[in-house]
Structure formats: structure tokens, C-alpha cells
Amino acid sequence: MNTETNRFSNTLHENQNKNWVRAIDSTKIINWIDDLFKILFPEKALETIQIELLLDQNKANFIAILSEIVKDKTANEILDDAESFYTTLPDLYHSMQKDAQAILDTDPAADCIQEIINSYPGFFAIEVYRIANAIASRTSCLLPRILTEYAHSKTGIDIHPSATIDVPFMIDHGTGIVIGETTTIGKHVSIYQGVTLGALQVEKNMQEKKRHPTVEDHVIIYANATILGGSTIIGNHSIVGGNTFITKSVNPYSFVMQSNKNTVLNQQETKDINFFSI
């Protein structure tokens, strides 16, 4: 073994001895969140389930996961965090029902609540966020981010677990949505695919500052709109049109739209014109 290899081997050995948080088998977390959804929404289960039995097992699995991830708390503190989280399940469930109803009331393609719960990626991403956010408010660990990244990988919707999102909230289609860490979203907000609620500047020294926008109640944001900046506020009852780019606050009851205009020509009148697309 040559000198460089020895040096690299020693570096790896030193790193292994540091008090780092070890990786956890992601299947444990995925199984836990999937079982929790079966408890909250039995229609997602392939078989009849015994809710009390599954809930007890789910709580035990949650404690085991926290015990592997959280290294700065005692066993009793972890138990307290777990109990605190599970006492919020009724409120979380109530919020999730409101989210589902808002989608049903808003989306003309939605036929029933069961369809939304079982097949809507936007609903799944929102509810994983709500669970992750509830955990993040109780304990500082990797689990909330692992959960939202699991939802991200399944849906293409990226919601930071520390974002603040009121109830109800509606995502339609959803692919490509990004909602940053310090985003604040009010009640009855609807967001479509490709929307970014992001930071105007990305610098490490802004970590403790509000970097992402605030969206007030009853706002609709259509596809591929980009809204940036911690001081940017989208006023209540506003509509943000598709492909818009916003870095300044918008007053309540505003309608923001892209100024570019499409030109519509009759094909029969333009048959001798050569068109080029890039």
C-alpha cells in the first residue's frame, strides 16, 4: 500500500471515529410513514387493519427511528418527543381532511375525496410536509428532511419541512414546485406546477434570515411562476399568472400577468412565410 493510500485510509479511519450521526436504513422511515398514512387513511391499505394495534407498532417504530437519528437527547426525552408528536395526530388529521376537501372543491377533475387521498401527488406531498413539520417543531434531527425528500422523489414537489403553510392548502399537478425553508403560506392558497417560492439571494450568512416570500390568504399562483425574496409579500385574494417573475410585493386583490403577447395567424394566409423555431 503506497503512502497516498495509507494517508487516505487513515483519514477514513479518523472520520469513522468521530461522533457523526450514522445513516439510517431509509426503508425503516418509508415503512413508518406509509403505515402512518394507512392509519390516518385506511382506504390506502390493501387489507383491513387493526388501527389500535398498528398505531402502537407505528409509535414503537418511530421511537426506534428517533433513537438512531437523535444523538443529543436522552431516551426519556426521545419518548417525550414521540408522545408529543402522536398527540398532534388528531389535529394533523383534521388539517389533512381540510386539504383534501379544498382540492375537491377547487379541481374540476377531482370526483371524490378517495381519489385525492389515493392518487393525488400534491395531496401526498402536502401531508408528508405536515407530518415532517410537526416533527421538526419538536426535535432537531434529519428525519423531517428525509421525509420531505422522500415525497420529493415520489412527486417532484420540493417542500422544506420548516416552511409555514396554513390550512387548507391546494397543489394541482405539482411537478417542479419548490417551496423554500422560510416561506409563509396562508389559508386557501392554490399553487400549480413549476412554481418556485424561493430566495432572491443564496448566501450562507443569510441562514437565520427570512429568505423566501410570504403568500397571504386566498391566493392563486399559476404554472411556472417564480416569486423570490424574504420581503416579498403576495397580498390576499391576488392571482399570479403563469410564467411571471416577481421580486417585489404585490398588493391585495392584484392580478399579475406576463406582458408578452401571443400572435395568432391564420395558416392559410401565411402559407408562403417561412417560420423558424429555436
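List the strands (runs of 3 or more DSSP E) that sit entirely inside the stretch 121-219 and contain at least 1 residues that are among the polar types (S, T, N, Q) and in contact with a strand residue (DSSP E or B) (Cβ under 7 Å, 6 or more places away or on another chain). Show your work before the answer.
Working: elements: 169-172, 189-192, 196-198.
Strands (runs of 3 or more DSSP E) meeting the threshold: 189-192, 196-198.
Based on this model, can you work out whether Asp91 counts as part of a helix (DSSP H, G or I), open to solvent by less than 60 Å² (accessible area, probe 1.4 Å), closer than 20 Å to Leu40 by Cβ and of a type outside the set (Gly, Ala, Ser)? Give the steps one after another, and end with the answer.
On the way: part of a helix (DSSP H, G or I): yes; open to solvent by less than 60 Å² (accessible area, probe 1.4 Å): no; closer than 20 Å to Leu40 by Cβ: yes; of a type outside the set (Gly, Ala, Ser): yes.
No, not satisfied.
State the number of residues belonging to the stretch 70-83 that are among the aliphatic types (A, V, I, L, M) and open to solvent by 60 Å² or more (accessible area, probe 1.4 Å).
The first filter runs over the stretch 70-83 and keeps only residues among the aliphatic types (A, V, I, L, M), leaving 70, 75, 78-79, 82.
Next, only the ones that are open to solvent by 60 Å² or more (accessible area, probe 1.4 Å) stay: 75, 79.
Adding up the residues that qualify gives 2.
Hey, among the residues in the stretch 221-238 that are under 16 Å from Lys209 (Cβ atoms) and not in a strand (DSSP E or B), which one's most open to solvent (accessible area, probe 1.4 Å)?
Going residue by residue through the stretch 221-238, those that are under 16 Å from Lys209 (Cβ atoms) are 228-233.
Filter once more, so that each one left must be not in a strand (DSSP E or B): 229-232.
On the way: Gly229: 5, Gly230: 21, Ser231: 96, Thr232: 2 Å².
Applying the filter and picking the extreme gives Ser231.
Among the residues of the stretch 34-69, which ones are at pLDDT 80 or above and in contact with a Phe, Trp or Tyr (Cβ under 7 Å, 6 or more places away or on another chain)?
Here is the first cut: in the stretch 34-69, the residues at pLDDT 80 or above are 34-42, 50-69.
Passing the criteria: Leu40, Asn58, Lys59, Asn61, Phe62, Ile65.
Which condition from (1) surrounded by 17 or more Cβ atoms within 10 Å (Cβ to Cβ); (2) over 28 Å from Lys98 (Cβ atoms) is the one that Gly194 breaks?
(2)
Being within 24 Å of the chain's Cα centre (by Cα), at pLDDT 95 or above and of a type in the set (A, V, I, L, M), is that true of even one residue in the stretch 75-82?
yes
Of the residues Ile131, Ile159, Ile171, which single one is crowded, with 20+ Cβ neighbours inside 10 Å, more than 15 Å from Ile191 (Cβ to Cβ) and touching a helix residue (DSSP H, G or I) at 6+ places or on another chain (Cβ under 9 Å)? Explain how you work it out, then say what you get.
Values: Ile159 fails: more than 15 Å from Ile191 (Cβ to Cβ); Ile171 fails: more than 15 Å from Ile191 (Cβ to Cβ).
When all the criteria are applied, what remains is Ile131.
Go through the stretch 174-191 and give me each residue that's in contact (Cβ under 8 Å) with a residue 60 or more places away in the chain and open to solvent by 20 Å² or more (accessible area, probe 1.4 Å).
Step one: of the stretch 174-191, the residues in contact (Cβ under 8 Å) with a residue 60 or more places away in the chain are 188, 190.
Within the stretch 174-191, His188 is the sole residue that qualifies.
Find the residue count for the stretch 147-156, including only residues that are touching a helix residue (DSSP H, G or I) at 6+ places or on another chain (Cβ under 9 Å) and surrounded by fewer than 21 Cβ atoms within 10 Å (Cβ to Cβ). Don't jump to the end; show me each part of the working.
Taking the stretch 147-156 as the starting set, the residues that turn out to be touching a helix residue (DSSP H, G or I) at 6+ places or on another chain (Cβ under 9 Å) are 147-148, 150-152, 154-156.
Checking which are surrounded by fewer than 21 Cβ atoms within 10 Å (Cβ to Cβ) leaves us with 150, 152, 154, 156.
Residues in the stretch 147-156 being touching a helix residue (DSSP H, G or I) at 6+ places or on another chain (Cβ under 9 Å) and surrounded by fewer than 21 Cβ atoms within 10 Å (Cβ to Cβ): 4 in total.
I'm checking my understanding of the structure. Among residues of the stretch 111-120 that are within 18 Å of Leu40 (Cβ to Cβ) and outside any helix (DSSP H, G or I), which one is least open to solvent (accessible area, probe 1.4 Å)?
First, the residues of the stretch 111-120 that are within 18 Å of Leu40 (Cβ to Cβ): 112-120.
Then keep just the ones that are outside any helix (DSSP H, G or I); that gives 112, 120.
Working: Cys112: 49, Tyr120: 34 Å².
Taking the candidates together, the pick is Tyr120.
Here's the yes/no breakdown for (1) of a type in the set (Gly, Ala, Ser); (2) surrounded by fewer than 18 Cβ atoms within 10 Å (Cβ to Cβ); (3) without any contact (Cβ under 8 Å) to a residue 60 or more places away in the chain:
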site: Trp32; (1), (2), (3): no, no, yes
site: Glu43; (1), (2), (3): no, yes, no
site: Ile51; (1), (2), (3): no, yes, yes
site: Phe85; (1), (2), (3): no, no, yes
site: Ser95; (1), (2), (3): yes, no, no
site: Thr106; (1), (2), (3): no, yes, no
site: Ala109; (1), (2), (3): yes, yes, yes
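Got at least one residue in the stretch 53-69 being surrounded by fewer than 17 Cβ atoms within 10 Å (Cβ to Cβ), within 26 Å of Ile171 (Cβ to Cβ) and of a type outside the set (A, V, I, L, M, F, W, C)?
Checking the stretch 53-69: not a single residue is surrounded by fewer than 17 Cβ atoms within 10 Å (Cβ to Cβ), within 26 Å of Ile171 (Cβ to Cβ) and of a type outside the set (A, V, I, L, M, F, W, C).
Taking only the stretch 109-142 into account, find how many residues are among the acidic types (Asp, Glu) and within 17 Å of Leu92 (Cα to Cα).
1
The values are calculated or read from the model by the stated rules, or taken from the named source; none is laboratory data. Everything quoted here is computed from the prediction, not taken from an experiment. For neighbour counting, all protein chains shown are included, and Cβ atoms are generated from backbone atoms with ideal geometry for every residue, glycine included. SASA here: full protein model, heavy atoms, side chains in, ligands and nucleic acids out. Shrake-Rupley method; radii C 1.70, N 1.55, O 1.52, S 1.80 Å.
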